[in-house]
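I have a structure I would like to understand better, so I am pasting it below and will then ask my questions one at a time.
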Amino acid sequence: LAKTTQPISMDSYEGQEVNITCSHNNIATNDYITWYQQFPSQGPRFIIQGYKTKVTNEVASLFIPADRKSSTLSLPRVSLSDTAVYYCLVGERQAGTALIFGKGTTLSVSS
Amino acid sequence: SAVISQKPSRDICQRGTSLTIQCQVDSQVTMMFWYRQQPGQSLTLIATANQGSEATYESGFVIDKFPISRPNLTFSTLTVSNMSPEDSSIYLCSVEDPTGRAGNTIYFGEGSWLTVV
């Protein structure tokens, strides 16, 4: 499984766009990039998944450059409720394969 | 997606005792995963549970300490045996996307927060 590196923490203010970058230099051809969000005292929640270029859903956008050695989770116009830990995971989309979590990025949004 | 219910959501346990955590899913799923999250830490995979077979444990976790049952495709239990304060953690049940369309997207329950005193 490819190892990921993300900033330990980030601070932002309400209404700003937040970009969290994850490095995964050893990503394999069959690996996908998945981001999870975890609020205190709750289980992680799936945010977005992608393989290359750009993926967008109602929550976030995921930008993946051509070499796929990094990815950036973009949260538009964050609010206080976006304060959470964000995990970047890399692995095959193969049934039966558990996800291995790294340390994640703690995002703190202030007013 | 899948709706996952865990019981208990929270408990305070005496050291030396055992507690069984239940995980119920609203859909039939092949694989269920149990994670532990110690205070302030990331998630650590304990074991993978496939219905009808013994669970597969990760390094550092053993069946005697964390026995797991998987009697059917919608239910699993994790027992934390002979608890010590070091077992104080959130224990999370998770399942793969039951539709099979989202690759290995995994969904989590709300967790069971155990405090051992």
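Is there a residue in the stretch B:52-74 that is part of a strand (DSSP E or B), touching a Cys at 6+ places or on another chain (Cβ under 9 Å) and not charged (D, E, K, R)?
no
Failed condition for A:Tyr87, given (1) within 11 Å of another protein chain (Cβ to nearest Cβ); (2) modelled with pLDDT under 95, with all others met?
(2)
Could you give me the residue pairs with C-beta distances under 6 Å whose first residue belongs to the stretch A:95-106 and is more than 7 Å from chain B (Cβ to nearest Cβ), whose second residue is open to solvent by 60 Å² or more (accessible area, probe 1.4 Å) and outside any loop (DSSP other than H, G, I, E, B) wherever it lies, and which are 6+ apart or on separate chains?
A:Thr106/A:Ser9
Also, quick follow-up: With B:Gln41, B:Gln51, B:Gln6 as the choices, which residue is buried (at least 16 other Cβ atoms within 10 Å of the Cβ), at the interface with chain A (Cβ under 9 Å from one of its Cβ atoms) and among the polar types (S, T, N, Q)? If you could, list the steps in order and put the result at the bottom.
Numbers: B:Gln41 fails: buried (at least 16 other Cβ atoms within 10 Å of the Cβ); B:Gln51 fails: at the interface with chain A (Cβ under 9 Å from one of its Cβ atoms).
Residue meeting the stated conditions: B:Gln6.
In the stretch A:64-84, what residues are out of contact with any helix residue (DSSP H, G or I) (no Cβ under 8 Å at 6 or more places or on another chain), outside any loop (DSSP other than H, G, I, E, B) and either modelled with pLDDT under 95 or within 27 Å of B:Thr44 (Cα to Cα) (or both)? Reasoning before the result, please.
Restricting attention to the stretch A:64-84, the residues satisfying the condition of being out of contact with any helix residue (DSSP H, G or I) (no Cβ under 8 Å at 6 or more places or on another chain) are A:64-74, A:76-84.
Cutting the leftovers down to outside any loop (DSSP other than H, G, I, E, B) gives us A:64, A:70-74, A:80-82, A:84.
Answer for the stretch A:64-84, where residues must be out of contact with any helix residue (DSSP H, G or I) (no Cβ under 8 Å at 6 or more places or on another chain), outside any loop (DSSP other than H, G, I, E, B) and either modelled with pLDDT under 95 or within 27 Å of B:Thr44 (Cα to Cα) (or both): A:Ile64, A:Ser70, A:Ser71, A:Thr72, A:Leu73, A:Ser74, A:Ser81, A:Asp82, A:Ala84.
Within the group B:Asp97, B:Asp64, which residue is in contact (Cβ under 8 Å) with a residue 12 or more places away in the chain and crowded, with 16+ Cβ neighbours inside 10 Å?
On the way: B:Asp64 fails: crowded, with 16+ Cβ neighbours inside 10 Å.
Exactly one of B:Asp97, B:Asp64 is in contact (Cβ under 8 Å) with a residue 12 or more places away in the chain and crowded, with 16+ Cβ neighbours inside 10 Å, namely B:Asp97.
From the set of residues in the stretch A:13-64 that are small (Gly, Ala, Ser) and within 12 Å of the chain's Cα centre (by Cα), which is nearest to A:Leu75 (Cα to Cα)? Walk me through it before giving the result.
As a first pass, look at the stretch A:13-64 and keep what is small (Gly, Ala, Ser): A:15, A:23, A:28, A:41, A:43, A:50, A:60-61.
Narrowing further to those that are within 12 Å of the chain's Cα centre (by Cα): A:23, A:50, A:60-61.
Values: A:Ser23: 18, A:Gly50: 15, A:Ala60: 5, A:Ser61: 7 Å.
Looking at the filtered set, the residue picked out is A:Ala60.
Show the residue pairs meeting these rules: Cβ distance below 6 Å; 6+ apart or different chains; first residue within the stretch B:1-12 and within 17 Å of B:Tyr107 (Cβ to Cβ); second residue small (Gly, Ala, Ser) and surrounded by 13 or more Cβ atoms within 10 Å (Cβ to Cβ).
Taking only residues 6 or more apart or on different chains, the pairs are B:Ala2/B:Ser27; B:Ile4/B:Gly109; B:Gln6/B:Gly109; B:Gln6/B:Ser112.
A quick yes/no check of all residues on (1) touching a residue at least 12 places away in the same chain (Cβ under 8 Å); (2) open to solvent by 10 Å² or more (accessible area, probe 1.4 Å); (3) in contact with a Gly (Cβ under 6 Å, 6 or more places away or on another chain):
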| residue | (1), (2), (3) |
| --- | --- |
| A:Arg45 | no, yes, no |
| A:Gln49 | yes, yes, no |
| A:Lys52 | yes, yes, no |
| A:Asn57 | no, yes, no |
| A:Ala60 | yes, no, no |
| A:Phe63 | no, yes, no |
| A:Leu73 | yes, no, no |
| A:Arg77 | yes, yes, yes |
| A:Ala84 | yes, no, no |
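Which of the numbered conditions does A:Lys3 fail, given that it passes all the others? Conditions: (1) open to solvent by 30 Å² or more (accessible area, probe 1.4 Å); (2) out of contact with any Ser or Thr (no Cβ under 8 Å at 6 or more places or on another chain); (3) farther than 22 Å from B:Ser42 by Cβ.
For A:Lys3, the exception is condition (3).
I've got another one for you. Scan A:Glu17, A:Glu92 and give me the residue that is open to solvent by 40 Å² or more (accessible area, probe 1.4 Å) and within 10 Å of chain B (Cβ to nearest Cβ).
Values: A:Glu17 fails: within 10 Å of chain B (Cβ to nearest Cβ).
Sole residue among the options that is open to solvent by 40 Å² or more (accessible area, probe 1.4 Å) and within 10 Å of chain B (Cβ to nearest Cβ): A:Glu92.
Looking at the stretch B:20-38, which of the residues that are under 13 Å from B:Asp87 (Cβ atoms) and open to solvent by less than 20 Å² (accessible area, probe 1.4 Å) is modelled with the highest pLDDT?
Start the filter on the stretch B:20-38 by keeping residues that are under 13 Å from B:Asp87 (Cβ atoms), which leaves B:21, B:36-38.
This time we only want the ones that are open to solvent by less than 20 Å² (accessible area, probe 1.4 Å), so: B:21, B:37.
Working: B:Ile21: 98, B:Gln37: 95.
Looking at residues that are under 13 Å from B:Asp87 (Cβ atoms) and open to solvent by less than 20 Å² (accessible area, probe 1.4 Å), I get B:Ile21.
Working only within the stretch B:78-89, note down all residues that are open to solvent by 20 Å² or more (accessible area, probe 1.4 Å) and not small (Gly, Ala, Ser).
Correct list: B:Thr79, B:Asn82, B:Pro85, B:Glu86.
The values are calculated or read from the model by the stated rules, or taken from the named source; none is laboratory data. Remember, predicted model here, so these are calculated numbers, not experimental data. All Cβ positions, glycine included, derive from the backbone under ideal geometry; neighbour counts span all protein chains shown. Ligands, DNA and RNA are excluded from the accessible area calculation, which covers all protein heavy atoms including side chains. Shrake-Rupley method; radii C 1.70, N 1.55, O 1.52, S 1.80 Å.
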